[in-house]
1. Go through (1) within 27 Å of residue 184 (Cβ to Cβ); (2) in a loop (DSSP other than H, G, I, E, B); (3) without any contact (Cβ under 8 Å) to a residue 40 or more places away in the chain one by one and return the number of the condition residue 59 breaks.
2. I'd like the full set of residues that are modelled with pLDDT of 95 or more and either touching a helix residue (DSSP H, G or I) at 6+ places or on another chain (Cβ under 8 Å) or part of a helix (DSSP H, G or I) (or both), limited to the range 1-12.
3. Among 38, 30, 47, 92, which is the only one that is closer than 22 Å to residue 166 by Cα, in contact with a helix residue (DSSP H, G or I) (Cβ under 9 Å, 6 or more places away or on another chain), at pLDDT 95 or above and not in a helix (DSSP H, G or I)?
4. In this structure, is residue 51 free of Cβ contacts under 8 Å to residues at least 24 places away in the same chain and at positive phi?
5. Go through the residues of the range 107-117 one by one and say whether even a single one is free of Cβ contacts under 8 Å to residues at least 24 places away in the same chain and in a helix (DSSP H, G or I).
6. Among the residues in the range 63-85, are any more than 19 Å from the chain's Cα centre (by Cα), over 21 Å from residue 157 (Cβ atoms) and either assigned to a helix (DSSP H, G or I) or in contact (Cβ under 8 Å) with a residue 12 or more places away in the chain (or both)?
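The values are calculated or read from the model by the stated rules, or taken from the named source; none is laboratory data. The shown structure was predicted, so the numbers you read here are calculated from the model rather than taken from an experiment. Cβ sites come from the backbone with ideal geometry, for glycine too, and all protein chains shown count toward neighbours.
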């Protein structure tokens, strides 16, 4: 069951408590992303969200883009100790050692792949078409596909990408469509 937004439109239950949520829900969440850099950015943001509220990440998103060179994997992969120290001192992002290190490590893992290989890998886990969820309780936190995606990414050298983060990545990038059945974005 959806909730009615301030404009009278039905949206997923999580999407109406802040203007940032409404914009993200309506314009991005569940929309297909099929390029390595876009997927790397979403993977990074989903990783930073782990244990935090998504609104925190949305509100810091532009700071993340500045801190991580617009998620340019070549630049991020080359980050050294000075960059790490700069990031850990940057109050504009989430300052978590594991997550900052994962962002750098994942850029290096991405560069070890052929162009487009990350996109092909992630989209290979798109499940068969399934019924639209009727309520938020119909939306899983993990699926067999997200477990398999997590394992495949780890084999390729990616870190901090468990099954729950993998599923959130699948939702954010349109690999799955978890907009509720009567949501305007479905």
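1. (2)
2. Of everything in the range 1-12, those that are modelled with pLDDT of 95 or more and either touching a helix residue (DSSP H, G or I) at 6+ places or on another chain (Cβ under 8 Å) or part of a helix (DSSP H, G or I) (or both) turn out to be 11, 12.
3. 30
4. When the stated conditions are applied, residue 51 passes them.
5. Among the residues of the range 107-117, not one is free of Cβ contacts under 8 Å to residues at least 24 places away in the same chain and in a helix (DSSP H, G or I), which makes the answer no.
6. yes
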